[in-house]
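Let me begin by presenting the structure, written as structure tokens, before commenting on it.
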Amino acid sequence: MAKEFLTVETKNMNFPIESDQSGYFPSSRAVPGLLWKRTLDALLILLTLPFLIPLALFIALLIRCVSAGPVLFRQERVGYMGRRFGCFKFRTMFVDADTTAHHGHLLKLMNSNTPMQKMDSEGDPRIIPFGALLRASGLDELPQLINVLRGEMSLVGPRPCLPYEYDKYLPWQKERFETAPGLTGLWQVSGKNKTTFVEMIELDIQYARNKSLWWDLKIILLTVPTLVVQMLETRQSGKVSSRPVRRKTSHSNPATRPYSFAKAALDCAVQARDGQNVSMGKESKLNL
């Protein structure tokens, strides 16, 4: 997978971007969306800019402090009517992280009836410090507002998929691409990680067929509490997954059970006082 680093220059600072250029070609034109949808996207972004700009700068600074490499990541995604475009994200993985495991995990979800759990839930060594928090809160996708302003995405719609995922879609499943991809959508507020791949596709198709202004507003309002619940569940699953490891370590072998500091000190004192008796006891046992 060929990667290169681009630099986005602003008035006061430069932001390098890790770019996945394998087979990449930019979208030739913006998605021909409904007027109300484009107006809603632009209006909401404009109203939230005073909050979003400081937040984005803080996240960029955090990533720069905890991990060497670019702040932003650009990856080829598939959007409206199968068009491919460069999708922006905050980088939450180490540079040149291996994606083979993710390919296998995604294909397994597509071919099974299991919930769409991310690899993050089982612990992913590729993720940088604080990366799991950014992913669970959805803040890693904040730079996709650039894609929204460029007309390649909308605030509400199906998530843009990866090219190798698109190639595995059945013909009926590609109906989900008949609307602009979004940052959030019906699937995200309808269970997300508790739904199967087929259920995700059905929810996306349902939105593509019936999207409306009021539905978009409702989904946007439901997104915040949904993300809060998702963060709490991610934190809880992390605690639960770590418990068996500690229990196994402490009880798998009685000879290696940890002793408290007080017990260890008491044992040392007894041995120091009765050292001779202890030695004699050991010798008598050996002679039996």
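Eigenvalues of the alpha-carbon gyration tensor of segment 88-127, scaled by 5 and square-rooted, set the equivalent ellipsoid semi-axes at 21, 11, 10 angstrom, largest first. Here the dipole of segment 109-184 is about 40 debye; that uses its Cα centre as origin and unit charges on the Cβ of Lys and Arg (positive) and Asp and Glu (negative). Sorted ascending by nearby beta carbons within 10 Å, beginning with the fewest, Asp140, Asp98, Asp167 become Asp167, Asp98, Asp140. Note on Thr100 and Trp36: their simple-model spin labels are 5.0 nm apart, each label 7 Å out from Cα toward Cβ. The ranking of Arg83, Arg91 from fewest to most other beta carbons within 10 Å of each one's beta carbon is Arg83, Arg91.
Readers should treat all values here as calculations from the given coordinates under stated rules, not as data from a laboratory. None of the values given here were measured: they were computed from a predicted structure. Cβ: placed from backbone, ideal geometry, glycine included. Neighbour counts: every protein chain shown.
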